[in-house]
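The values are calculated or read from the model by the stated rules, or taken from the named source; none is laboratory data. Everything quoted here is computed from the prediction, not taken from an experiment. When we count neighbours, we look across all protein chains shown, and the Cβ atoms used for this are built from the backbone with ideal geometry, even at glycine.
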C-alpha cells in the first residue's frame, strides 16, 4: 500500500522555544550566565506593539513586549521549522486556522497562530525564494 505524503509533513521539529520576559537586558544577562552563551539582539514592530528579542545559539529566544509587563518569565511560543510555509498555511486554512500575524525578518518568514491558547509559530528558515 502506497501512502500519499501528508501536507503536515511539511512541518519539521520544534526549532525554538521563546520566553516572554519583562526586562530583556536583565534576562539576557541572567540566561547568558546560566547557559554560558551569547545572545543576538533584534527589535521589530508587530501588531501587538514594539518587541525586542534576543536569540541564543541553542535556539532559545527571549522576548520583551515593550510596555507590557507580566511579572515573570513565561513560555511565549513554540516555533516549528517548516519546509514550505505556503503549503503549511494552505493546510491549516483547510482545517479552519488563519495566522494572526505574518512576519518577514531577514531571511526568515514566520506565520503566527493562536491554537487552543498556544502561540505556535511556523518558520521557513530559508526565507523567500528567488524566482528563476
- Which listed residue is out of contact with any strand residue (DSSP E or B) (no Cβ under 7 Å at 6 or more places or on another chain) and at pLDDT below 90, from 17, 34: 34
- Just wondering, is there one or more residues in the stretch 89-108 that are within 28 Å of residue 37 (Cβ to Cβ) and touching a helix residue (DSSP H, G or I) at 6+ places or on another chain (Cβ under 8 Å)? no
- Within the stretch 37-50, restricting attention to residues that are at pLDDT 90 or above and part of a loop (DSSP other than H, G, I, E, B), which residue is farthest from residue 16 (Cα to Cα)? 38
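Results for (1) farther than 15 Å from residue 18 by Cβ; (2) touching a residue at least 40 places away in the same chain (Cβ under 8 Å); (3) part of a strand (DSSP E or B), shown as yes or no for each residue.
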site	(1), (2), (3)
52	no, no, yes
69	yes, yes, no
76	no, yes, yes
80	no, yes, yes
88	yes, yes, no
91	yes, yes, no
97	yes, no, no
114	no, no, yes
123	no, yes, yes
- Message: As an exercise: evaluate residue 103 against (1) surrounded by fewer than 12 Cβ atoms within 10 Å (Cβ to Cβ); (2) free of Cβ contacts under 8 Å to residues at least 60 places away in the same chain; (3) in a strand (DSSP E or B) and give the number of the one condition it does not meet.
- Response: (1)
- Query: Do we have residue 63 as exposed (fewer than 15 other Cβ atoms within 10 Å of the Cβ) and within 12 Å of the chain's Cα centre (by Cα) here?
  - Reply: no
- Note on the stretch 54-66: residues outside any strand (DSSP E or B) and closer than 14 Å to residue 77 by Cα are 59
- Message: Residue under question is residue 89, and the condition is that it be at pLDDT 90 or above, surrounded by 18 or more Cβ atoms within 10 Å (Cβ to Cβ) and touching a strand residue (DSSP E or B) at 6+ places or on another chain (Cβ under 8 Å); does it hold?
- Response: yes
- Of all residues in the stretch 43-59 being touching a helix residue (DSSP H, G or I) at 6+ places or on another chain (Cβ under 8 Å) and within 21 Å of residue 109 (Cβ to Cβ), the one that is surrounded by the fewest Cβ atoms within 10 Å (Cβ to Cβ): 52
